[in-house]
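Notes for the one structure printed next.
The values are calculated or read from the model by the stated rules, or taken from the named source; none is laboratory data. Values in this document were obtained by computation on a predicted structure and should not be read as measured data. Positions of Cβ are generated from backbone atoms using ideal geometry, with glycine treated the same way; all protein chains shown enter the neighbour counts.
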Amino acid sequence: MLLSKFLDPKNDFAFKQIFGTDKNKNILVHFINDVMKFEGSDKIHDVSFLTTAQNPDIAYLKQSLVDVLCTDEKGYQYIIEMQVAKTSGFEKRAQYYAAKAYSRQLNHGEDYTQLKAVIFIAITDFVMLPNTPDYRSTHIILDEKTYNHDLKDFSYTFLELPKFHKSIDELSTLIEKWMYFFKHAEETSEAELIRIVGSDEIIYQAYEALNRFSWSEIELNTYEQEEKRERDAQAIIKQKLIDAEARGETRGEARGEARGKADERKCFVKTLLRKGWSDESIIDNLEITPRELSSIKQELDLESKD
């Protein structure tokens, strides 16, 4: 199998290399402008990186860190997050991160009028908002009657990769090209890259930032360690399924029932779906048929509506 030229931007280390370093700052600036649809005077031209530790006292905890935190020339702060695995309460974490960034702007005794807006942007490799059909959604605070937007300091934009299904030939906007980049960069060939990029130089730069042949040995080792960490996490989940099946089989033999194994298997598949595993990953790893998976997903949808 040929080695792919481009690495996976969803990898935690790769993501920070592209969007969290001074050498690629122009990529981050364009990404923010494209995703937020900033035009004219709203466009940002430069950013400064801030510490990603939301709480310095517990900075060693993953939960206390954000992927990229920066501020623009107006003082607005941007939190950029890549979230691969679905975790419980991610929408609350998004609000927590934004609130922490907002509150940390002021020193003791300073005027509240100095507070600047916080914009949270997350790319998720799972469906975060099942009742929202669009792959891009922005959430702001509006008056419930007039819909006036008076409280303007917080906004949340989510890019949900599983909801994006366009092919290369269907890409027409920069947001669509960014979505394709996050979802398919690792499998993109040189010929496909030419078709994707067109005249959009910044998209080309983003791909080149993922060019494995321009990375140092240390950078590639760090990237591979992050990949291994993710594979190990998936292996642990798979082993839990095997153990659950074994327990179900033992109970089934003892009770003369066949339901134990099936019920535990179904429960575990639902857990993986809640964590954001794709259909393909579940089918490949658990040897479940698409028909069985479809039935379990229908049950899960009914449970979520209750």
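For the stretch 139-158, filtered to residues that are touching a residue at least 12 places away in the same chain (Cβ under 8 Å) and over 15 Å from the mean Cα position of the chain (by Cα), the residue that is surrounded by the fewest Cβ atoms within 10 Å (Cβ to Cβ) is K152.
Determine whether E110 is out of contact with any strand residue (DSSP E or B) (no Cβ under 8 Å at 6 or more places or on another chain), over 25 Å from L272 (Cα atoms) and either of a type in the set (K, R) or not in a loop (DSSP other than H, G, I, E, B) (or both). Judged against the criteria, E110 is not a match. If you go through the stretch 1-39 and pick out every residue that is of a type in the set (S, T, N, Q), surrounded by 19 or more Cβ atoms within 10 Å (Cβ to Cβ) and over 15 Å from the mean Cα position of the chain (by Cα), you end up with 1. Among the residues of the stretch 126-146, those that are hydroxyl-bearing (S, T, Y) and at pLDDT 95 or above comprise Y135, S137, T138, T146.
Determine whether the stretch 190-197 contains at least one residue that is in contact with a Ser or Thr (Cβ under 8 Å, 6 or more places away or on another chain), in the same structural domain as T21 (by TED's automatic domain parsing) and not small (G, A, S). Yes: the stretch 190-197 contains one or more residues that are in contact with a Ser or Thr (Cβ under 8 Å, 6 or more places away or on another chain), in the same structural domain as T21 (by TED's automatic domain parsing) and not small (G, A, S). Figure legend. Inter-residue proximity from the stretch 205-228: first residues farther than 23 Å from S189 by Cβ, second residues in a helix (DSSP H, G or I), beta-carbon distance below 7 Å, spacing 6+ or different chains. Indicated pairs: T222/F13; E226/D12; E226/F13. May I ask you to list the residues in the stretch 41-55 that are at pLDDT below 95 and more than 19 Å from F120 (Cβ to Cβ)? The answer is S41, and nothing else.
Conditions (1) over 23 Å from F15 (Cα atoms); (2) in contact with a Leu (Cβ under 9 Å, 6 or more places away or on another chain); (3) touching a residue at least 12 places away in the same chain (Cβ under 8 Å); (4) outside the structural domain of M179 (by TED's automatic domain parsing), marked per residue:
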| position | (1), (2), (3), (4) |
| --- | --- |
| K74 | yes, no, yes, no |
| T87 | no, no, yes, no |
| S103 | yes, yes, no, no |
| L106 | yes, yes, no, no |
| F120 | no, no, yes, no |
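For the stretch 206-306, the helices (runs of 4 or more DSSP H) that sit wholly inside it and include 2 or more residues that are at pLDDT below 75, in contact with a helix residue (DSSP H, G or I) (Cβ under 6 Å, 6 or more places away or on another chain) and over 25 Å from F182 (Cα atoms) are 217-255, 259-274. Scanning the stretch 198-214 for residues that are among the β-branched types (V, I, T) and either in contact with a Cys (Cβ under 9 Å, 6 or more places away or on another chain) or under 19 Å from L161 (Cα atoms) (or both) yields a single hit, I203.
When T138, T132, T87 are screened for being in a loop (DSSP other than H, G, I, E, B), under 27 Å from L174 (Cα atoms) and of a type in the set (S, T, Y), only T132 passes.
Among residues of the stretch 21-50 that are free of Cβ contacts under 8 Å to residues at least 12 places away in the same chain, those with a beta-carbon under 7 Å from a residue that is assigned to a helix (DSSP H, G or I) and surrounded by 14 or more Cβ atoms within 10 Å (Cβ to Cβ) at least six positions away or on a different chain give the pairs K43/N33. Under the condition of being in a loop (DSSP other than H, G, I, E, B) and in contact with a helix residue (DSSP H, G or I) (Cβ under 6 Å, 6 or more places away or on another chain), the residues counted in the stretch 113-126 number 1. For the residues A185, A94, A191, A98, the requirement of being more than 22 Å from D34 (Cα to Cα) and in a helix (DSSP H, G or I) singles out A191.
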